[in-house]
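Some notes on the structure that comes next.
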Amino acid sequence: MRLNVKGRSRKLLRFFERQKSRRARIAGFVLLGGAQFLATCAAAQTQRQLARNTIIIGILSGESDYRLVELATPDGTFQIAGFGNSRPFETIESSPSRILIRLKTEERDDSIYPNKIEYRFFPNERSLVTAIILEEIDYARVDGSASAQEISRHSRIYRVQPLPPPRYTISLILYNFSNNILRSRNVRQALAYGINQDEIFKRILSESGADMLRGPFDEDSKIYAPGMKDYDYDPKKAIALLASDGWRDTDRDNILDRDGQPLRFRLFFSDGLSVEEQMIRQIKIDWLRLGIDVQPMPMTASALNDRLKNGDFDAVLQKHRFEETPESLEAFFGDGLGGGPLKYLNPNYNRTLASSKRLKDSKAQTPSLQRLQLILNEDQPAAYLYSQWNTYYIVNHAKFDNYLNLAARQLRPFLEWRLKRPGP
Amino acid sequence: MNLPRIKIRDRLLTRLLVSHIFLVTVPLFLTGHILTNTAQEAVERTVLERNLEFARRSTALIESSVEKARDILRLSAQQPVFYSDDRIGKELTINSMVNEFSLFKMIAILDTTGSVLASTAYEDPDRSITTNGSMLELAKGQKHISDVYVSKDLLPLMNLAEPIRLHNEVIGVLWAVVDLTAMWALVDNNVVGEHGEAFIFRADGQYIAHSDRRKVYMRSHFEEQDIIRAVAADSSAHKVYVNREGVEMIAAYAPMKELNWGAVIQQPTSEAFASARKMRLQILILMIGSSAVAALIAFFYTRQIVKPVQLLVSGIDRVAAGELRQRIQILGKDEIGQLAERFNTMAAKLQEIQNKLKRTERLETLGKLSSVISHEIRNPLNSMVINMQLLRREFAKPRRDLKKMEHYHQVVASEIKRVDGLVSNFLLIAKPPKLEKTDCTLTKLLDEMITVQMPNVLPKGIRVERDYVDPALTAHVDEKKLYQVFLNIFLNAVEAMQGGGRIVLGVRRHIPTISSEGEDTEALMAAVSFRDTGKGIPAEDLNRIFDFYYSKKEHGTGIGLSLAQQIVEEHSGFIRVKSRLGAGSEFTIFLPLRKPQS
């Protein structure tokens, strides 16, 4: 008989092994085995009990910066990482791969509502889908319909609910105006003409619920500015624009150069998001064909945020949602004084932004916001790629209810979710 | 005549029924058995062949997709861009390949030492490639196909490599990581039935694609060693085995020789052969149903055959019991119908003979009676002559003794009365008056008699009891004569119990012993019984008690029972007597019941 025991149990096992009587040895082994079995059951039960009252949320580390993940509570919205006694929850554990919080709200009934939320961060969509299929997490969001289909085919405990994202998110490539190459409007416009958006939509986004973009707001926005340029794929125009800026392949290495400097820059993007990886590859091919040597570099959302904050980037593929306010635009496209990471400098834009900010009425702001869009469309401080209007929410339907507000077509806050099988 | 009851198994109906059912069901079940077996085999073969075909097709598709990847790689390796120093051209080419063919997860160009010259990988290219010594082979110009391995993010991958040659000299390697997740969709699409599974496993049994994706993610292994060995031996077939959960599975498997993998499509046998089993069940139900219908038809058909036989037996029984007027209804023109006809003819002749016998018997009786009467009358006549002579002599005396004369006169008168009685009885027997029948409740008649007789019976210590099973039984009889019958038998019983006793009067409907199906309502009779606890009748006298003037009693006339029998017979009835010496006797009068009006 072999028992996998440690510490005191090992001593007991040796004690029983030393017994001369065979009956005593057997009785000892049986006792020890039984005790070990009971302990294992109790541990498993505790683990189950712990998991039972916890919402386990799966998040892609490429999509969300673990430091910036927020939780909406009746007392307001708080970042879950870090510490602070004023928050209605306490953070038990916080690391780039896992954050565990315990809710402090005393009025909550632990037998009905979960009392803990665990955030698990996954390096890529595949590992997230794997964890979902292995039923290790209770909630996640995936963008691709293929992943959603795979989950609904391979696990029966989840409800796969297609809904618009909480806020319409747009995808865009931001250029750093500190970079000598990208500071040129001709280069930025050439880059816009050099992206084969049709190919991206046909090959990558056809089933993702996405629309093409011309500016920071999608066409459904109330303040959408009509008359913006399309920047349809036009390599000849792109080459002409670059040539007008002095970029030519003088050394015949198929990379444009100017004054001995090749047209080369780094493009940072979130790691582990298959749509973005594919899109980056298509953009790389398109730009290589123009003679632009782009070097894609994947990283986590937190690393990406750090680079943006420090201005340590050439270009970044980023997902963002702009509020329909001048302040929201300023946060990205403001000059260095406004805190914008791009260090975007355009006096016309700055004047329009300032006049827009002075207006308090949102209706009155619309014309100025539309003018700002036209400037941003013309100036291309960012290449606007697509806006996403559909995503798939995966919820452990066997464990929770009251998680969906169908009338509002959105999920309820986690604190309103209820356990399906209330505990003692 | 009471024959012993026939056992069910010996009855004609049972025998015919059994033979009919046997003749119908045995061929039916044999045919059904052969039919279901053949059908089940056919269905099972179809299921197995279908699954096997799926497995073979899956292997062909996977092999062809790997082959396609190799072809693309081989053709691409011949492109001039790979001989040049054009890094951008190389990068553009390999990125376009990855972009165009989703099969490739990554493509890299290596030099002959294994260093990465260009790669589509976003991370550090050197980290993404592990050549594991394959470069030596590649440098010699050989192709490279790795085993399937599972990446960190649990994707099934394999490496393919093609040498890049310039003037037959290997100058580099085109290295590709092939993403085999496409075969996951293939196995998903090849799942058969609700509980079926499709999967692909490596030589060591580890799943690399499974319709239950968790088994891949958990790096589970296929455990059916026979199938793993068969696949390794490049064999494709099907096998029934019991899996770890104890479910019997039917697995169709096919090998992928080049890749050293196996594809299996399996299903629980209960599900795979459900249609065959359902069909078998349906045929079984149909057979049982047909057999039941056949048995029912056989039963009615047999009954049609047996019923006339039963009627015949019943009729024979009644004739044997003396009811010669009984006729059997002719039910058909078959042999049994003919038999019934012959029987009726025979019964008619028997009745004719009986009537003749009765007439002869009556003449004989009259002859006997005449001699008895002449003897009986002679005695009183002698007495009368003597007394008349004595009367005349006394009358002739001068001193007549009136008392004597009165006595002589009384004797003569008494003898005349006696003769008158003899003559009256004789007339009753010789020329019975015509019956005046009315509907009469038998119990009422008995009760009337008991009421009259009770004053005579009680002082003798005799108890009269009634056992009326059918108290309302009504017969169409001559009430007065039947009263006489009841009275005669009752008085006989009373006389048999001089020391007191018990007499039980019963009335019931007589149920014939023959099967009721063959019974005619006309044959139903009323049975009126008189059971006493008297001294009983010796067995040798039982046959003579109904003879005229036969009596062993001191003052018996020998007429009462004869007269009773005669009256009952005139009502088409009969009397049965059972007696045990010292225990008592039972007289039962059977009278035909009136046919009920429909």
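Quick look at the numbers
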item: Residue-averaged [θ]222 nm for chain B, counting only DSSP H segments that reach four residues, each worth -39500 (n - 2.57); result: -17500 deg cm²/dmol
item: Overall Cα dimensions of chain A, principal axis frame, Å, largest first; result: 98, 55, 40
item: Among B:Ala493, A:Val316, B:Leu75 - extreme Cα towards positive end, dipole of the protein assembly as shown, charges at beta-carbon; result: B:Ala493
item: For chain B, with +1 on Lys and Arg beta carbons and -1 on Asp and Glu, the positive-most of B:His33, B:Ala583, B:Thr360 along the dipole; result: B:Thr360
item: Spin-label pair A:Gln261/B:Arg466, simplified geometry with 7 Å Cα→Cβ offset, distance in nm; result: 14.0
item: Calculated P(r) of segment B:1-87 - Cα pairs past 22 Å, %; result: 70
item: Gain in span if fully extended, B:Arg165 to B:Arg5, counting 0.36 nm per residue against the direct Cα distance; result: 46.7 nm
item: Trypsin sites (Lys or Arg not before Pro) within segment A:121-172: DSSP coil, no more than 11 neighbouring Cβ in 10 Å; result: A:Arg156, A:Arg167
item: Where Rh is the Kirkwood radius over Cα pairs, Rg/Rh for segment A:312-406; result: 1.13
item: Cα-derived Rg to Rh of chain B, Kirkwood definition; result: 1.59
item: Compactness of segment A:153-228 as Cα Rg over 2.2 N^0.38 Å, two decimals; result: 1.50
item: Diffusion coefficient, µm² s⁻¹, Stokes-Einstein with Kirkwood Rh over alpha-carbon pairs of segment B:224-333 at 10 °C and 1.306 mPa s; result: 78
item: Cα-based Rg / Dmax (Å) for segment B:56-102; result: 13.5, 45
item: For a label point 7 Å along the Cα-to-beta-carbon line of A:Arg418, residues of segment A:62-87 with backbone N under 13 Å; result: none
item: Cα-based helix-to-principal-axis angle, B:335-396 vs chain B, degrees rounded to 10; result: 20
item: Where only C-alpha atoms are counted, convex hull volume of segment B:335-390 per residue in Å³; result: 49
item: Cα gyration tensor shape for segment A:244-400, rounded if a/c is under 1.5, else prolate or oblate; result: oblate
item: Amide H within-cut-off set for B:Ile462, under 5 Å, with H built and near neighbours excluded; result: B:Gly501
item: Binned Cα-Cα distance frequencies in segment B:130-262 - 5 Å width, integer %; result: 2, 9, 17, 19, 17, 12, 9, 6, 4, 2, 1, 0, 0
item: Bridge type composition, the protein assembly as shown - antiparallel percent by DSSP, nearest 5; result: 85
item: Rg/Rh for segment A:118-200, where both radii come from Cα atoms and Rh is the Kirkwood radius; result: 1.16
item: Fraction of beta bridges assigned by DSSP in segment A:159-312 that are antiparallel (%, nearest 5); result: 30
item: Segment A:336-380: radius of gyration over Cα atoms, expressed as a fraction of 2.2 N^0.38 Å; result: 1.15
item: In Hz, Karplus ³J(HN,Hα) per residue of segment A:259-269 (6.51, -1.76, 1.60; θ = phi - 60°; x = Gly, Pro); result: 6, x, 9, x, 7, 9, 8, 8, 10, 8, 8
item: Built amide H within the under 5 Å cut-off of A:Thr73, gap 5+; result: A:Phe78
item: Unit Cα scatterers, Debye sum, the protein assembly as shown: log10 I(q)/I(0) for q = 0.07, 0.09 Å⁻¹; result: -0.83, -1.16
item: Value at 222 nm in deg cm²/dmol, rounded to 500, when DSSP H runs of n ≥ 4 in chain A each add -39,500 (n - 2.57); result: -11500 deg cm²/dmol
item: Average beta carbon contacts from partner chains per residue of A:292-298, 10 Å cutoff; result: 2
item: Residues of type aspartates and glutamates that B:Lys552 reaches as a straight line, Cα spacing below 15 Å, ignoring anything fewer than 8 places off in the same chain; result: B:Glu495, B:Glu540, B:Asp541
item: Whole-Å semi-axes of the ellipsoid equivalent to segment B:379-505 (Cα gyration tensor, √5λ, descending); result: 44, 21, 11
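Here, each number is a calculation from the coordinates, and none is a lab measurement. These figures come from a predicted structure and were not determined experimentally. So basically every Cβ, Gly included, is an ideal-geometry build from the backbone, and we count neighbours across all protein chains shown.
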